[in-house]
Amino acid sequence: MTSVTGLVPGETSPQGSDTGTGVLMTDNGGRRQVWWRGMRESVQGADTELWPEGLADVVPGGFEPGYVQFGDLYPEQQLQLQLLYGASQRAFERRTRVSARVTVVRVLGNALSDPRLGDAKPNEHLAEYLDQEIADLRGRLAQDSATAVSRGLNIGLAMGSAASLALLAVPVLWGVDLLGALGVALNCTNRWNLLGAFVCGGVGAFGAVLSVLVRLRGSADQLARRQSNGREGIVVPGQMARSMRHEGVYRVFVGWILALALYFLLSGGIVTVFEPPATTTEICPAAGSPGSAAAGTEFWGFWCAIGFVAGFNERWAFGILSRDSTRRPGKNA
């Protein structure tokens, strides 16, 4: 049986399993998480450490006097290591927590075993080494925060997209049956108007998703700094992920609302920025008019384009919505 020393918080010995946390130990001392725990942590982040450690807790045995000397000669570096070690125990991913702890233990051990620690004054090269390691650790934690933000936003967008697909599937697949069960009869014009509204709104939702994904590329770290108000460690990465999940769902439904608003304004003639190439009266057969299938294709293409642009470019959509309402020429003629 292999023995394990220096376990990180939350680990158990290889002789048993931590069923309360869902962590199973393999024969070689490795860690194997049950699938549900891994999935939950990928969405919500690693669980909160119930017994967090301080920097003094990882000082190797017999180096306590050296740790006191380290604090006297390098107080700034000791403070930064303490702060970063505390922040690493709140990291979004468990692997980041483990690697950060290993790094802190290694750096602290190297510093305490360095013979230059016994000098009367701080050594320039040892201080430079500590500063470089601290900068690397800070960058690793910043990347963890960016991962939390981007993953939370992507999951929120996926949830909003799934809800959009459901909203589109219900009227298309079961709308006629539901209306029939309610005793509501729709003529051809009404059906085309309702389907046009749903399709325009749904495409607007996916336009909003694409817009967020394009803007998210390469800017997750900026979003992380915005969430923490520019100060590191103010917001826990798990809270960032939760906030961005809500933001992702919100963005999808903003795309729906903007696309629907433009659909009703343009189709109703309240705003005349664009002239629809085909209307439902031209598509549906009526007395003296057989209808036009080609007009139906133009109808779908136009409203899909309007919905997508409305969801993709919120500024463009709000610009149209803020225009003065004008009646279509000849509307009441």
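For Asp136, Asp144, what's the fewest-to-most ordering of other Cβ within 10 Å of each Cβ? Could the numbers behind the result be given before it?
Values: Asp136 11, Asp144 24.
So the residues, fewest neighbours to most, are Asp136, Asp144.
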Show log10 I(q)/I(0) for the stretch 146-321 at q = 0.19 Å⁻¹, two decimals, from a solvent-free Debye sum over equal Cα scatterers. -1.17
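Once fully extended, how much extra length lies between Glu275 and Ala127, figured as 0.36 nm per residue of separation less the alpha-carbon to alpha-carbon distance? Mind showing how you got there, number by number?
Values: separation 148, 0.36 × 148 = 53.28 nm, distance 6.96 nm.
So the extension gain works out to 46.3 nm.
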Where labels lie 7 Å past Cα in the beta-carbon direction, separation of Ile257 and Gln44 in nm: 2.9 nm
Tell me, rounded to the nearest percent, the portion of alpha carbon pairs in the stretch 32-144 spaced more than 23 Å apart. 34 percent
Can you sort Ser99, Ser42 so the residue with the fewest Cβ neighbours within 10 Å comes first? Ser42, Ser99
Which order do Val105, Val203, Val172 fall in if you start with the one that has the fewest other Cβ atoms within 10 Å? Val172, Val105, Val203
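What FRET efficiency do you get for Trp51 and Ser113 if R0 is 22 Å and r is their Cβ-Cβ distance, rounded to the nearest 0.05?
Details: r = 27 Å, r/R0 = 1.22.
After rounding to 0.05, the efficiency reads 0.25.
All of the numbers you see were taken from the coordinates with simple rules; none came from a lab. Everything quoted here is computed from the prediction, not taken from an experiment. Reconstructed Cβ throughout: ideal geometry from the backbone, glycine too, with neighbour counts over all protein chains shown.
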